[in-house]
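A.B. asks: Here it is, the structure in full.
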Amino acid sequence: MVLEAKNSNIILVTGGNRGIGLATLKTLAENDNNTLISTYNSTLPTDNIFDRTNVEAIKCDITSGEELDSLFLKVKEDFGDPLTLICCAGITKDALILRHKDSDFEKVINSNLNAVYMTVRRAIPAMIKARFGRIILVSSVVGFMGSPGQISYAASKSAMLGMARSIVRELSSRNITANVVAPGAIDTDMLKSAGDKRIQEMTALIPLGRIGEAQEVADTICFLVSEKASYINGAVITVDGGLGMGY
């Protein structure tokens, strides 16, 4: 499917096929001026949002520089340059540090950090040329407060802050902003994989006393890419029910 979208706001969402990325995609799709490109890495997305004329799913392993090059070339040729980038894709491989495999640590860092860097690096030339860009990195409150059994996940997510603020120092003069959204415990497949006992333990630590919804994070992301947030830059916005208390 080739969309007629050369003059619309083109937004690239990595990992838009599930969880927070999918909720964000659905919210952004309500604005027909947005052309939305979502990456997926394995199973073709089945949600009916991908039946809309302004939404396209493209298979891409974002840990591969070659596949990212092909992605950005295809998006440019078919739709135009994406000037808004939302990095939602990520994985976790939880284990206490003494049991954590070196290979699993590398996989998490590669997927959650290296892939984000490679995606951002390929997105910014068009933003610089257009003198406009919006970059949202989806981190986690775990990256700032830590969590037992999540050393690789926490390390990858905390590094996003330094990445975003370095982007701010380098590119803000070109009207390019970079911000970090740090969700807490959110009702997604990733959280469910932690098991009921761990979910109950996390819920007990949340001042609001409940798990968050993906839509609540999506609404924050969508605000940050809107014109109403044009003066927010280098910020970390937690969506965690009070779990991080300012982290």
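The values are calculated or read from the model by the stated rules, or taken from the named source; none is laboratory data. Model, not experiment: these values are computed from the prediction. Virtual Cβ from ideal backbone geometry, glycine too; neighbours counted across all protein chains shown. Heavy atoms of the whole protein, side chains included, go into the accessibility calculation; ligands, DNA and RNA do not. Shrake-Rupley method; radii C 1.70, N 1.55, O 1.52, S 1.80 Å.
A.B. asks: Scan Thr92, Thr46 and give me the residue that is without any contact (Cβ under 8 Å) to a residue 24 or more places away in the chain and of a type in the set (S, T, N, Q).
C.D. replies: Sole residue among the options that is without any contact (Cβ under 8 Å) to a residue 24 or more places away in the chain and of a type in the set (S, T, N, Q): Thr46.
A.B. asks: Out of (1) over 14 Å from the mean Cα position of the chain (by Cα); (2) at pLDDT 95 or above, the odd one out for Phe144 is which?
C.D. replies: (2)
A.B. asks: Against the definition (within 30 Å of Pro148 (Cα to Cα) and either crowded, with 21+ Cβ neighbours inside 10 Å or of a type in the set (Val, Ile, Thr) (or both)), how does Val116 come out, yes or no?
C.D. replies: Judged against the criteria, Val116 is a match.
A.B. asks: Which residues, taken from region 168-196, are touching a residue at least 60 places away in the same chain (Cβ under 8 Å) and charged (D, E, K, R)?
C.D. replies: Within region 168-196, just Asp189 meets the criteria.
A.B. asks: Right, next: Scan region 172-181 and tell me whether some residue there is open to solvent by 30 Å² or more (accessible area, probe 1.4 Å) and of a type in the set (A, V, I, L, M).
C.D. replies: No: region 172-181 contains no residue that is open to solvent by 30 Å² or more (accessible area, probe 1.4 Å) and of a type in the set (A, V, I, L, M).
A.B. asks: Kindly list, by first and then second residue, each pair from a residue in region 150-167 that is free of Cβ contacts under 8 Å to residues at least 60 places away in the same chain and within 14 Å of Val120 (Cα to Cα) to a residue that is among the hydroxyl-bearing types (Ser, Thr, Tyr) and part of a helix (DSSP H, G or I), limited to pairs with Cβ atoms under 7 Å and residues at least 6 apart or on different chains.
C.D. replies: Met163/Tyr117
A.B. asks: Considering each residue of region 62-96, count those that are over 11 Å from Thr119 (Cα atoms), part of a loop (DSSP other than H, G, I, E, B) and open to solvent by 30 Å² or more (accessible area, probe 1.4 Å), and give that number.
C.D. replies: Residues in region 62-96 being over 11 Å from Thr119 (Cα atoms), part of a loop (DSSP other than H, G, I, E, B) and open to solvent by 30 Å² or more (accessible area, probe 1.4 Å): 7 in total.
A.B. asks: Could you give me the residue pairs with C-beta distances under 8 Å whose first residue belongs to region 108-125 and is more than 14 Å from Cys60 (Cβ to Cβ), whose second residue is among the polar types (S, T, N, Q) and open to solvent by 10 Å² or more (accessible area, probe 1.4 Å) wherever it lies, and which are 6+ apart or on separate chains?
C.D. replies: Val108/Thr92; Asn110/Thr63; Asn114/Thr63
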